[in-house]
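Heads up, the thing below is written out as structure tokens.
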Amino acid sequence: MKSSKKSCRKSRRSKVYEQVLKNKRFRQEIVRKSLEYFFPVYFHKYIKYDTAPFQKEIFQILEDKTNKLAVIVAFRGSAKSTIITTAYVLWSILGVQQKKFIIIHGQTEQKARQYLMNIKSELEHNDLLRKDLGPFEEERNQWGATALIIRRLNAKIMISSVEQSIRGMRHGEHRPDLIILDDVEDTDSVRTQEGRDKTFNWLTGEVIPAGDKHTRIIAIGNLLHEDSLLKRLHQKIVTGEIDGIYREYPLLDENDKTLWPGKYPTIADIEEERRKTTSPIAWSREYLLKIISSDEQLIKPEWIKYYDDMPPEYNARYTATGIDPAISKSDHADYTAMVTARVYGRRKNLEIYILPNIVNLRLSFDEAKKQAELISDTSNSGHLYVEDVQYQASLAQELQKDNYPAEAVKVGGQDKYARLAAVSHLIQNGKVLFPREGAKALVTQLTGFGTEKHDDMVDALSMLLLKIIERADEPIMHSIAFKGEYNGEFDHLPPDEREQMMAHREWLRNMFLL
């Protein structure tokens, strides 16, 4: 039955195409209405294989003008750039959308110029396009290195790069009504938090304000980092923070079936393509759309384990905080970082739960001291491990004077890399668990260690984990120090909690741990 329906649809489509090829007026009408017909009619020289379902979906997304933001990630060789930066740009002007001012962004101006050259080539040499929807000859003197104007339609196509400002630009009375971002990031620009923020701030501060209420933004490219521009837009779309459509089209789906049967009909064809890509990382990143860790990464993203709930606090051995103080509020100074963990069990049963109250701020000495005191107070007199480097040791001394359980920790001759490497096995083996909310910046520094501009939280965490390893053989102690007979330590608690704490105290006494 399904086969019969497909056959009928294919037959109807064939008849439409036959009429399109024979009847110019019918062809002009239908190509103006439909990008899905416009492309095979005027870009047939690019079509070497049967159109894939995902490509038809891209056509539908582009045709639907209610989609103000579309983010499309597709494998290398998927024809996404040909469809969007060449065919769609022309159709958006010549077809029903009637766009007047289009800006195409590339990562660099040199890359962006190639998009303009491709469009120029079609307008000058695509005979059927010129005969049906032209003429374009009178615009020959309007070709430029960074823009071209189709005067008969009062439409302008302009290119730009990430470095350039487009805010406030107009074509006559028209503000940009279609903005296309094609591969505006590369592996260098996403390497650091600073680089990723720069691209995102350029989008929000330059690109989006350049348009108006009805401007469409189409972003296409590949996945280069978990915090890249495309992934940030994806996250905001998923959470409902912004309206838009996000689509990923890897060469192979979750069942290892090809998304483009016409071009890659068999496993052998997939394997042939894979062998052309000499780098396994490039294959995974550019064809399978997997964000692959660099070989230089000490902490891999896949090692990071998260928790939703943690065991009761009264079962914890202790709570401790690693502190890497900067003691300066200068714009160029490092941040003061404080990372707190609750420690359960030991050896094979060791579990270290990172708490979400992570501090990563530029603080004065007094502000850092008050913040450390607050953390200790709210974690049942939790231990405070302060990095002992030059004047930083004074913070631990001042905390000790006020009867806080602070300790100055000497890092010795180990550098940052060596300290993190010494505790990386705890993260890799899932002994360190991170909260789903509140630790994103710490995880970013961990997985980007060596390339991120700042690593203060990594230092604080490394020192904390080294002290936890050092204390591995200590007797299990509750985070509240129970001494001697019961002296009403739990009287302030609600009845249910007081009963739990009393039962735990009795268990500890019976186990000779008090």
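A few notes on this one:
- Unmet criterion (only one of (1) over 19 Å from residue 458 (Cα atoms); (2) at pLDDT below 85) for residue 388: (1)
- The stretch 354-370, subset touching a residue at least 60 places away in the same chain (Cβ under 8 Å) and out of contact with any helix residue (DSSP H, G or I) (no Cβ under 7 Å at 6 or more places or on another chain), residue nearest to residue 430 (Cα to Cα): 354
- Condition check for residue 244: in the same structural domain as residue 80 (by TED's automatic domain parsing) and either in contact with a His (Cβ under 6 Å, 6 or more places away or on another chain) or more than 18 Å from residue 201 (Cα to Cα) (or both): yes
- Within this structure, residue 30 fails the test of being in contact with a strand residue (DSSP E or B) (Cβ under 7 Å, 6 or more places away or on another chain), surrounded by fewer than 19 Cβ atoms within 10 Å (Cβ to Cβ) and hydrophobic (A, V, I, L, M, F, W, C).
- Taken residue by residue, the stretch 300-318 has no member that is among the hydroxyl-bearing types (Ser, Thr, Tyr), surrounded by 14 or more Cβ atoms within 10 Å (Cβ to Cβ), in contact with a helix residue (DSSP H, G or I) (Cβ under 7 Å, 6 or more places away or on another chain) and at pLDDT 95 or above.
Conditions (1) in the same structural domain as residue 91 (by TED's automatic domain parsing); (2) more than 20 Å from residue 82 (Cβ to Cβ); (3) crowded, with 19+ Cβ neighbours inside 10 Å; (4) not charged (D, E, K, R), marked per residue:
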{"site": "168", "(1), (2), (3), (4)": "yes, yes, no, yes"}
{"site": "193", "(1), (2), (3), (4)": "yes, yes, no, yes"}
{"site": "209", "(1), (2), (3), (4)": "yes, yes, no, yes"}
{"site": "224", "(1), (2), (3), (4)": "yes, yes, yes, yes"}
{"site": "229", "(1), (2), (3), (4)": "yes, yes, yes, yes"}
{"site": "239", "(1), (2), (3), (4)": "yes, yes, no, yes"}
{"site": "265", "(1), (2), (3), (4)": "no, yes, no, yes"}
{"site": "274", "(1), (2), (3), (4)": "no, yes, no, no"}
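- Qualifying position, being in contact with a Ser or Thr (Cβ under 8 Å, 6 or more places away or on another chain) and either in contact (Cβ under 8 Å) with a residue 12 or more places away in the chain or not assigned by TED's automatic domain parsing to the domain that holds residue 417 (or both), among 373, 313, 351: 313
- All of 273, 254 fail the test of being farther than 30 Å from residue 162 by Cα and either touching a Cys at 6+ places or on another chain (Cβ under 6 Å) or not in a loop (DSSP other than H, G, I, E, B) (or both), apart from 273.
- Subset of the stretch 172-201 [of a type in the set (D, E, K, R) and closer than 17 Å to residue 231 by Cα]: 182, 183, 185, 186, 188, 191, 194, 196, 197, 198
- Listed by position, the helices (runs of 4 or more DSSP H) enclosed by the stretch 1-88 that each have at least 2 residues that are modelled with pLDDT of 85 or more and more than 28 Å from residue 107 (Cα to Cα) are 24-33, 35-42.
The values are calculated or read from the model by the stated rules, or taken from the named source; none is laboratory data. Being a predicted model, the structure only gives us computed values, none of them experimental. When we count neighbours, we look across all protein chains shown, and the Cβ atoms used for this are built from the backbone with ideal geometry, even at glycine.
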